[in-house]
Structure formats: structure tokens, C-alpha cells
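**Student:** The structure under discussion is supplied below as C-alpha cells; questions concerning it will follow.
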Amino acid sequence: MELYSPEGLRIDGRRWNEIRNFECRINTHPNSSDGSSYIEQGNTKVICVVQGPMEPALRSQANSNEATLEVNLSVANFSTTERKKRSKSEKRMVQLKTTLERTFQQSVMCNLYPRTLIRIDLHVLSQDGGMLAACTNAMTLALIDAGVSMYDYVAAMTAGLHDQTPLLDMNGLEENDMSTLTIGVIGKSEKLSLLMLEDKIPLDRLESVLAIAIAGSHKIRDLMDSEVRRHGNIRSSKLAS
Amino acid sequence: MIGNRKRLSSGLSVTSKVFVRSRNGGAQKIVREHYLRDDIPCYSKACKVCHDIIKTDAAGELPRFILSENPSKTKSGLRHYIVVDTNIILHAIDLLENVSCFYDVIVPQTVLEEVKNRSFPIYQRLRGLVKSEDKRFIVFHNEYAEATYITRNKNESINDRNDRAIRKVASWFGTHMKTNHSENDIGIIFICNDADNRQKARAEKIDARSLVEYFDDLPNGEDLRDLIPSDINSGVDFHNENEASFPEYYSNSRIMAGVKNGTLYQGMLNISSYNFLQGTVQVPAFRKPLLIVGSQNLNRAFNSDSVIVELLPKDKWREPSTTIVEESNIGSNDNANDEDEEDVGSAGSGVVSDKERILLAQEALKATSSSAGVQKRLQPTARVVGIMRRSWRYYVGQIAPSSVSSDDTGNASKSCFVILMDKVLPKIRIRTRKAKEFLGQRIVVVVDSWPADSRYPNGHFVRTLGEIESAEAETEALLLEHDVEYRPFSKNVLDCLPEEGDNWVVPDLVNTDDPKLKKRVDLRDKLVCSIDPPNCVDIDDALHAKPLPNGNYEVGVHIADVTHFVKPNTALDQEGASRGTSVYLVDKRIDMLPMLLGTNLCSLKPYVDRFAFSVIWELDDNANIVKVEYMKSVIKSREAFSYERAQTRIDDKSQTDELTESMRILLKLSKKLKQQRLDAGALNLASPEVKVHMDSETSDPNEVEIKKLLETNSLVEEFMLLANISVARKIYDSYPQTAMLRRHAPPPATNFEQLNDMLSVRKPGLSISLESSRALADSLDRCEDPQDPYFNTLLRIMSTRCMMAAEYFSSGSYGYPEFRHYGLAVDIYTHFTSPIRRYCDVVAHRQLAGAIGYENLDLSHRDKNKMETIVKNINRRHRSAQFAGRASIEYYVGQVMKNNEAEHEGYVIKCFNNGIVVLVPKFGIEGLIKLEMLGDVNTAIYDEDKYELKFTDLQGKERRVAVFDKVNVDVKSVKDEVSGNRKAQLLLR
Ligand SMILES: [Zn+2]
């Protein structure tokens, strides 16, 4: 099949600037966590659970100035077509974990919670491209659910380049074949809290790729925002009654 | 299996495609998203609704509507669009490309994908048709359109589901055109050669027809019917009752396993040009090629097919045949005499187990690596057991007169044989009703199949080129034979040219907002001139020189700035990239880029401003480089010289103007550059190049002369080499992984084995040394025959044939030491100086522009894989352009000789046990003299060790002829009545 046909259609039938089916739920595991969320971006599916802010188990983990974020990323063996055991110490997994920790260290108002630990557990159930973006979005929602103060939403999106054409929200097949850019945008701004480029994109093309990725992130922010508001309304109506 | 559809807020629907793939025995479930949309237009100009639903692409452009509002009519008066089925495309792609039928064609995406899976080359041709828009082909993405997408039913096979999807496209278009069209009634005809599918389609009220039925309803249907390929023309049966059968090919799995465990080998078949029943396959496992002898072992493989071979048992190993066999010599309707019929029965039976095969491979390895000993010429033999990729293309040939029965009067199609121009290929059986009409004409045919029970391949007629030996037919034939694209440039290519056309001028450099224009350096004050062959119209290089106050010289090479006009990824660029090079024939030039650029806007014509890419050196008195700079510039050439006029002007002592003086500087420096190169070991090889003079009035060829070289030829050449080397260093420095370079590998010693052996036997004391290019050059200089001054040139010609071919490559594919250009004796080299006629130079220009920060380099020239594709293509195009050029000269030399029969000197360059090959320097031709033309066949003795043939000549005198002997021959040109080829016929005096 053609990755991007001359008629302007991608391998799954989308056009260049269309995002995949995006579904999100907040407060999915109210009993076992302080905050939780579930995200589907196409066939990439992630669950996120947040514990904390809480006392760290070890004194040495405590930072007297701000909260410590600890991300645990686990990818299910059945998340890809070929079942494969993934170890947490795999280089790529460590890289993703640190990227997520650094991104949120800046977006969460950590200074409000000194000497505490915020633990975030991410479970990737299914992978079809854009795993880092889905994890970021899931974390944002779960942290909001946990009531942790943040400066704004961090909404993440991927984009790639096929010859001259920037493509938004890459699925797994596309990601295998093109260089992929993942960004996390703060709220409705054009400020980035996350930028990861796998392989390379020529500098003169980067701008166009970034532009659609930012536009895509804004769309995701709005979708997440309406879910948060929906949930908020349910909660407040319960409180009222 | 398909999941449920779900409508999204964006207007799309999403569903999932679930399928199961088996891998390594296990099953895998794959789930993919599949989006359905309602904004896919019908692309018909007649449609009134689709213009409202379309969306722009990333560049902001809207899709173009292609299908005509007034499509052609059938005999019965039906205006129609065509929907095609997969099999029609796979089997009749030539017809789809034919200009006399198939306009306004709808290709369903389902069909496109099936074609892509079945044959990538045909898919590419189909995509080419869609892209060019000339024939108004469109791809309709039915799988993504909500209205036409269908889910697979329970127990329905994938093929049935796809057939149904294709029919759905036809019926959707039918209703769509009926409800939304403007005034004209436009019908949809579904062409499909599967009767069952047609029946289902008719039940769904679709106008379904077979290819024959469709053609019968076309006004020009009569002419088209002959063009229908044999394998889908149902009812045609080629099988003759008592035909030889070939061994079946191995199954795919057996081939895969065999290649993996090292008992089968894959390689490209190379048929000997002297014996069409003998071929060689070079495989990486062995140092020498494997020999394949006899039609049973060749097993239906064509020259340059990619084949799978299996070694034969050791007792079948043999020396390469020293006999000449040509297909055209063998009667065209009787059976070819296989040299090795005794092999037939035993072909597969000798070797049984894999273990034995591995032992055999070890033996073969031994035999190929030892170069001495009694068995020195014994070569392992093999047989073809499978074909990975056919090299089938268009072939030019003529109908064998003997295969057409003279009492044939009916209008029914009869089968006959077509003898191909390329004599290493077998004849092809076609069916036509017009065999008699085509006698004596060059015709184009295509091969469709070669079943195991058929002695000859089956094909079908495509078109006729015209009378044999008419200049047009022969020229077109040789372009086709060498796969040269010669059709005029399509409209979307020409659309990329500047709007001003011939009136384009260099814009004002000073008052401009264009940042790139500001970067250009104004060199119009330099005394630039160009030196080229007489009447050259595409001038891609010009030079200037001037003395500097410090005693050094400033020398500039200015190259046509083609990449200013040819921007990456435009249709123009893609056409240039696919042509790869211009092709020069004796009477015709096939351009790589449209005329407007080549001969005007880019051409560095005198007296006008032109954009150029300049390399400017500071050279010291010994032509050493002190400094080099590269810049995009504007120049104004003062004069366009021919080599001869430049030479006269330099030699004329009375001329002392600045321009002449600067040419003298160039000449002086060029001589020093040349000496430096020769000292470094550059080779001075020879090829028997000749030039054909045409009568200026009748444009008939009337004279042949050997090209002579003037000092000014070498002047230009030296500076072009210098520019190429300097640019190569610069772009390699900036793009170490993808720089476009050219290398020339040193010849492997085995290439020279036979020539050195001939020398040691025939010319004791002489030999060619291969230690280094310097050693080779020196040893060639020493190879003199005091009695015969031409001997040295002859040896240079023969050595050239032992050399490797130079090749383009991107710098990532080799290590730096392997960049070396052996022939020029430089460490790095590229082609930069002829961007009008070579695509390599276009890439080098872009890379240099990127390297000096003039503009960003396009991604395609920074990507290893894409560069690999470019390089592969231009290497192939370069080779075929050379062959085509040579073939054209050969043809015209033949025409000249036709009227000038005479006795000439020749040299024996090859000896076989039934003939000799003689080279005639005067015409640059070589010809075979067969033993029966020399003398008594029965008394001839061929002494292989001495390369000597002993025979009694026609006068009864005993004679010996050996390699390197100078002989007198009668040269005349004769037409071979069977193949229609004109050949030089030589007769020994
Ligand atoms: Zn329409």
C-alpha cells in the first residue's frame, strides 16, 4: 500500500492534517489511586494511575525544595503484534521514562509540594505509534484528576515528514517508515515542554512539521479539556445533590 | 473481517481491519484502523457536485479534475469512462499506454493495490500514466470512500471480495454520473476478462465487457485487436504437438531454502555474444562465473534475467565453447541444434542430495580460484532452475519470412516467428492476421510467457516502426533496443519551464529582493569564452584565465546553472532523473532536459548574460592549486569557439588580444595538468572511435573518419577534470554520506589473464602489468611492435575492454580508499561540468550549492536510500546511452560501407575453432569470419594454446592465422535477410 498516495490519502485513509480517533476518560480507577486516566489515540492505548503527593518511602528520595516525580512505565507484552517481553531497563524505556519525568517536573508546580513523592504508573496496553505522546496526555489527565497543581495542560502529538508533506499523528506503520517528531505543548500556547525527534528532519522542513504538530496538540488539549469539564460537571452535580 | 463503523466528530468514520497473518508457522492477529470519508471526488470535469467537497493538500493545492466532460464514443455512440480490472492492467499495460485507445480510465484503489502486490514495475508504469494526465487516468480510492467501501462477507474469499469492491466502483460511478453530470450522457464500461465476474457485473446492471468485446465496439477496433496479448486472448492455443519440453522451475520454497543453505545461487545471466546457447552467471560465491551451456540448461532464461542456478556434476564441467552459434543462422522454423543435447536426459539426475551439492560447491570453489595447471580453462557448469526476475521489455525484430506461409489468404490470425535484433535472444512466436503486411518491417513485440512445454516464448505484436533500413525505423529501433526514453516531454514537464520561454533574461542583480539573486557574483567583466565541437548548441561549460599580480593565474570554469531552472521534486526534475543522460546518435540527439533549457536558457551562449556555477582557482606557474572558490554567478561569454577555431587563433602569432592571450595561458596550464596526471599514472587507453560525415544536402552518410584530437580538446578536458575533482572534494567534505561521486575500480587480474596469455604466446617478452595504474600505463607504453606502429593502439583497444566500467555512487556506499578513479589516477572524482546532459551533474550542482550555503539541499540528495536509487538509475542510463550511440555509429558505418567496398587492413583479435574475429581500424568495426568462408572446414585445426587456426584456404593454400596477426580483408556490408540486420562482412584476402 502507498504510505501517502499522490491523491493525498494516507495508508489508513486519513489526510495529511487529520488526527486519529482520540478518546479519553478521567478518574477511571477512583478506588485504587489518587488520580487516573485512560487514553486511546488510534490503536495506542494507555492507562495512567497517580499516587500522591505522598511521603517518600525513603528519606533519601525527599527533596526539601520541591516534589519528586517518579514515572514507572510498563509496556504490556501483548501491546504489539509480536509478543515480546520488554525489560524496564531497556535503553529506550529508560529514555522515555526520563523524558516524561523531565517534562512534568517543569509543568507541575513542584514547589508547592516539598519533601513529597508523586508516583505515576503508566501501562501501555496497545501500541500503534505515538506512544510517548499518548503517555504524556494520559499523565496530564491523571495528574489533573489527582488534583496536583499544574501551570496548564501538557498536550502531546506526533508529526512526521513524507517527502515534502508533513503528516500529523503518525500510526505505527508510518512511524516505522518516517522520521517522527513528538512534541508536548503547554496549553494553547506555542511553548514546548517536550520535543523528541527520532531520526532526522531537514531544518528547512522542520517548521512546517512543527506547525501542524502544534495545531494537532491544541486539538488534543481541547478534547482533554472537554473531558475534564464533563467529569467536573458530574462531580459537582453529585456534590450539589 | 471488519469491525463496526463508528462516526467521528470530524466527519470521518473509523472501522478496524482485522486480519490474521501466518508467520513461522504461528498465526498473528493484526488490527489496523481504517478511516472512511465522504470527500473523495469523482475527478470528472462533467460533475457538478464534487467540486464542493474537495480539500487542499499540505501545499494548499486542490485536486485536479481529469476525466473529460466529453469522452470518446464507442461505435454504438456511447460516451464512456472505463473502469479496469486488475488482470487487464497486469496483462495489457502496453495497451493502456497505447495512444490510440484507453482514455478516461478509472483505476479503483483495490486494483492499484493488487497490481502493486503482483508486479511493482507495472504498478510504476500505471502510476506514470496517472501522473502524466495525458491519457486522463485517475485513481479512485474506493477503499477509503464511505460510499464504495464494502466489508468482506462470511466465507467470502479475498479475491471475491475485491472483485465485488471493483464492481461497486463501476456501479457507484454509473449512478454518480447519471445523477450529477451536466448535459452529456456519460456511461461507465467495466472491462474485465473474467467471464464469471462479468456475469455478476451484468446482474448488477453494469456494462461489463471483455477486452475483445470492447475493442469490437470501438471505431478503430480492427487495428487494436492484434495488440491483445496472447495470454489473455482466450481461445488462442500455441501449443504444438511435438514440442520439446523444458524442466519445470523449482518451487519458491525450494529456491529460498537452496539459496539459504548455499546449494543454489542467484545471479544475472549473461549470454555470450558469440554463442546464444551459452551463458555465464557471476555469483558472489565463486571468483569465476559459472558456465551455462545448451538450451535445456539455460531453461528459458533470457539474457540479463535474474536467475537461480544449480551446479552440474563435475563430469559435466567444461571449457567455454570456442564455437560460434547464432540464432539467426539457424533456420527459423526448424529446431535449433543444441550443442549439448546429450545433457538433456541427465540434467537433474546427477546430483541428488544437498550434501553432494555442498561437496560440489567446494570443488567448484577450487576450480575457480586456481588459475594455473592443466585444468586452467575448466569451468564449473550450472543449470537454471528458477527465474527471480524477468528482464522482458519491448523487443524490436522482424517476422521471419519462412514462418509465414505464402498461401495464407484468410483473415484469421496465424502464428509466426519474430527474429529479434538482439541476437542473443531467442525468436518469439506471435499471432497476427497481418504477418504478410509486416514482412520487411521492423516491428515491436512483447513477450508474454514461456511455458515449459513450448520451445519458443510467446508474445504479441505492439506496433510497427517502418521499413527495415529506413533511417527512422532503424533509429527508433535502436532507441527501443537500448531502452532510451525518446518520447517528447509531457505537458506537466514543460509546465515547469519559465513562463517567459525564449524571452527569459537574467534579472537585474542590483535592484532585487530575492536573497538568492543577491548571493550571485557578477562575473560579467571576466573574459569568458567557450570551446566545443563545431555546431554545438548545448554549451555547458566556459572558461576564463588571467594573470595575477603575484605571478600566479586566476582560472575560472563556468558551468551552466541548470539547477536554477530544474528544482528538486518537480515533474521536470523527475523526468531528467529518469532519463539520466542525453543520448547522442549520429543523426539525432535525445535530450535529458527540454530544448528550451538545453539550447537556450542554460546554454552559455556568447554575447548574452547567463547564470552559471563557477569554480575559480588561483593556480601557480606549475598549475598547482593555491586557492579554490565556488560561486553561483552571472557571466557573459565573449565568444563560442570550435576546437579548430580556438586552435587556429592560439597558433596565429599575430593575434595578441586579451582573449587569445588568456586562451594561451589556459593551454599552457592544461599541458602541465596533463603531465601531472600522466605522472600520477593516468591511463591513456584507446577505443576505435570514428565519426560519420553526413552529406549536408541529402543527409546521407558519405564518409567515415577516425576522430582526431587537437590540443584544444585536451585544454578543455583538463580543466573540466580539475573542476570535477575540486567539486568532488568539496561536496564529500560537506556530505560525507551522500555525496554524488564517480569511481573507477582497478581491473581484477583475471580480466587480463587471457590477454596476457595471448601476449606471452604470440608476442614473447611483452606483458601488461597490473600492479598499479602507473605500472599498467608504463607497461602499455613498452608494448611496441617495431614492425607495426598500430600494434600498440590495438593493444590499448583490447585492454580497454578488460577494464572495469566507471560508475556513479554515493559516498556512503564505499570507504574512502575505494573512491579512487583508476583511469584518471585521482583519489576522488565526480561529474559536475555537464548538467545539461547528465543528471549526476545536476545532483552535484545541488550538493555544491548546499555546501557553499547558497540554498538548502533537498532531502532526496541527503538521504542514503534515495541517492542509491538515483545512482542505480543513472548508471544504467549511462550504459545504455553509450551502447545506443555505438549502435548508431555502427549502423551508419554500415551504410557508408555499402557504397565503398574495398580492401582494408585488419587485425585478428579473437580465434575460435570455427572462425576468427577481425578488427578493421579504418571503420572501427569488427567482424566475424567463419571457417567456411576461410577455407576447407574439414582440414582446419585450431590450436587453442597458441590461439592459432590452421586451414587450407579456398585457393588450396595452407594458411595459419593467429591472434594479433595483421591481415588484409575485403570489407563489404551485407544485409542478413533473416534478422534484417546489416553487418560488415569481411573476407580474408
Ligand atoms: Zn462527482
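The values are calculated or read from the model by the stated rules, or taken from the named source; none is laboratory data. This is a predicted model, so every value here is computed, not measured. For neighbour counting, all protein chains shown are included, and Cβ atoms are generated from backbone atoms with ideal geometry for every residue, glycine included. The accessibility values were calculated without ligands, DNA or RNA, using every heavy atom of the protein model including side chains. Shrake-Rupley method; radii C 1.70, N 1.55, O 1.52, S 1.80 Å.
**Student:** Let me make sure I get this right: for the stretch B:467-593, a, b and c are the square roots of the gyration tensor eigenvalues over alpha carbons, sorted descending. Under 1.5 in a/c it's rounded, otherwise prolate if a/b > b/c, else oblate. Which is it?
**Tutor:** Judged from the Cα gyration tensor, the stretch B:467-593 comes out oblate (a/c at least 1.5, b/c at or above a/b).
**Student:** Apply the Debye scattering formula to the stretch A:22-240, with a single equal point scatterer on each alpha-carbon and no solvent, then give log10 I(q)/I(0) at q = 0.14, 0.16 Å⁻¹.
**Tutor:** Each listed q maps to, in turn, -0.85, -1.10.
**Student:** Can you give the FRET efficiency for A:SER189 and B:VAL608, using 1/(1 + (r/R0)^6), R0 = 60 Å, r = Cβ-Cβ distance, to the nearest 0.05?
**Tutor:** 0.65
**Student:** Describe numerically, in nm with one decimal, the distance between label points set 7 Å from Cα along Cα→Cβ at B:TYR394 and at B:GLU156.
**Tutor:** 4.0
**Student:** Another question about this same structure. Given Cα pairs under 8 Å that are at least 6 residues apart, what percent is the relative contact order of chain B?
**Tutor:** Reported as a whole number, the value is 8 percent.
**Student:** Tally Lys and Arg at +1 and Asp and Glu at -1 over the other residues with C-beta under 15 Å from the C-beta of B:ILE539: what net charge comes out?
**Tutor:** -1
**Student:** Run through the stretch B:747-803 and list the trypsin sites (Lys or Arg not before Pro) located in a DSSP loop whose Cβ has at most 12 other Cβ atoms within 10 Å.
**Tutor:** Qualifying residues, ordered by number: B:ARG801.
**Student:** Tell me, what is the per residue accessible area of chain B in Å², probe radius 1.4 Å?
**Tutor:** 45
**Student:** Pick out, in residue order, every one of the GluC sites (Glu not before Pro) in the stretch A:20-129 that is DSSP loop and has at most 13 other C-beta atoms within 10 Å; say none if there are none.
**Tutor:** A:GLU82, A:GLU90
**Student:** Sticking with this structure for a sec: Counting pairs of alpha carbon atoms under 8 Å apart in space and at least six apart in sequence, what relative contact order in percent does the stretch B:59-119 give?
**Tutor:** 34
**Student:** Rounded to the nearest Å, what's the spacing between the alpha carbon centres of the stretch B:570-627 and the stretch B:184-203? Just the number, please.
**Tutor:** Cα centroid of the stretch B:570-627 versus Cα centroid of the stretch B:184-203: 52 Å apart.
**Student:** From the C-alpha coordinates alone, can you work out the Kirkwood hydrodynamic radius of the stretch B:748-802, in Å?
**Tutor:** Across the stretch B:748-802, the inverse of the average 1/r is 11.3 Å.
**Student:** Sorted by mean Cβ packing within 10 Å, highest first, what order do the peptides A:143-154, A:229-240, B:156-167 take?
**Tutor:** Answer by packing, highest mean first, reads A:143-154, B:156-167, A:229-240.
**Student:** For n ≥ 4 DSSP H runs only, could you compute -39500 (n - 2.57) per run for chain B, divide by its residues and tell me the 222 nm figure to the nearest 500?
**Tutor:** After summing the helix terms and dividing by residue count, I get -9000 deg cm²/dmol.
**Student:** Say R0 is 60 Å: what FRET efficiency, to the nearest 0.05, do A:ASP163 and B:VAL974 get from their beta-carbon distance?
**Tutor:** Once rounded, the FRET efficiency stands at 0.65.
**Student:** A further question follows. With both partners inside the protein assembly as shown, how many of the DSSP beta bridges are antiparallel, as a percent to the nearest 5?
**Tutor:** About 80 percent, rounded to the nearest 5.
**Student:** Would you work out if the stretch B:69-225 is rounded, prolate or oblate? Take a ≥ b ≥ c from the square roots of the eigenvalues of the alpha-carbon gyration tensor; rounded if a/c is under 1.5, else prolate when a/b is larger than b/c, oblate otherwise.
**Tutor:** rounded
**Student:** Can you list the HN-Hα couplings for the stretch B:28-36, worked out from phi with the Karplus curve (6.51, -1.76, 1.60; θ = phi - 60°), rounded to whole Hz and with x for Gly and Pro?
**Tutor:** Whole-Hz 3J(HN,Hα) from phi for the stretch B:28-36: 10, 9, 10, 10, 10, 6, 9, 9, 10.
**Student:** Counting helices only, and only those DSSP H runs with n ≥ 4, report the 222 nm mean residue ellipticity of chain A as the sum of -39,500 (n - 2.57) divided by its residues, in deg cm²/dmol to the nearest 500.
**Tutor:** Value at 222 nm, helices only, nearest 500: -11000 deg cm²/dmol.
**Student:** Would you calculate the separation in nanometres between label points at A:ARG102 and B:ARG202, each defined as 7 Å from the Cα along the Cα-to-beta-carbon direction?
**Tutor:** For the pair A:ARG102/B:ARG202, the computed spacing is 7.0 nm.
**Student:** If r is the Cβ-Cβ distance from B:ASN873 to B:ASN4 and R0 is 56 Å, what FRET efficiency results, to the nearest 0.05?
**Tutor:** After rounding to 0.05, the efficiency reads 0.75.
**Student:** Another one. Could you please state how large a percent of the accessible area of chain B is carbon and sulfur, counting protein chains only and using a 1.4 Å probe?
**Tutor:** 49
**Student:** Here's a follow-up. Can you tally the net charge around B:LYS957? Count Lys and Arg as +1, Asp and Glu as -1, for every other residue whose Cβ sits under 13 Å from the Cβ of B:LYS957.
**Tutor:** +1
**Student:** How high is the relative contact order of the stretch B:57-204? Use alpha-carbon pairs under 8 Å, at least six apart in sequence, and give a whole percent.
**Tutor:** Once normalised by length, the contact order is 28 percent.
**Student:** Let me ask another. Where a ≥ b ≥ c are the square roots of the eigenvalues of the C-alpha gyration tensor, would you call chain B rounded, which needs a/c under 1.5, or, failing that, prolate if a/b is larger than b/c, or oblate?
**Tutor:** oblate
**Student:** B:VAL20 to B:ASN180: extension gain in nm, 0.36 nm per residue of separation minus the Cα-Cα distance?
**Tutor:** Full extension from B:VAL20 to B:ASN180 adds 53.6 nm.
**Student:** Right, something else. About its Cα centre, how strong a charge dipole does the protein assembly as shown have in debye, to the nearest 20, once Lys and Arg get +1 and Asp and Glu get -1 at the Cβ?
**Tutor:** With only Lys, Arg, Asp and Glu charged at Cβ, the dipole is about 4040 debye.
**Student:** Now for a separate question. Might you report the magnitude of the Cβ-based charge dipole of the stretch B:69-225 about its Cα centre, with Lys and Arg at +1 and Asp and Glu at -1, to the nearest 20 debye?
**Tutor:** Once rounded to the nearest 20, the dipole reads 360 debye.
**Student:** Compute the distance in nm between two label points, each set 7 Å from the Cα along the Cα-to-Cβ direction, one at B:LYS516 and one at B:LYS116.
**Tutor:** If labels sit at B:LYS516 and B:LYS116, their model points lie 3.2 nm apart.
**Student:** Over both sides of the B-A contact, add up the buried accessible area with a 1.4 Å probe and give it to the nearest 100 Å².
**Tutor:** Buried: approximately 2700 Å² between A and B.
**Student:** Taking loop as defined by DSSP and a crowding limit of 12 other beta carbons within 10 Å, which chymotrypsin sites (Phe, Trp or Tyr not before Pro) in the stretch B:39-88 fit?
**Tutor:** In loop regions of the stretch B:39-88 (DSSP not H, G, I, E or B), there are no sparsely surrounded chymotrypsin sites (Phe, Trp or Tyr not before Pro).
**Student:** When DSSP assigns beta bridges and you keep just the ones with both residues in the stretch A:22-240, what percent turn out antiparallel, to the nearest 5?
**Tutor:** So the antiparallel bridges amount to about 85 percent of the total.
**Student:** In nm, what is the difference between 0.36 nm times the number of residues separating B:LYS672 and B:ASN622 and their Cα-Cα distance?
**Tutor:** 17.4 nm
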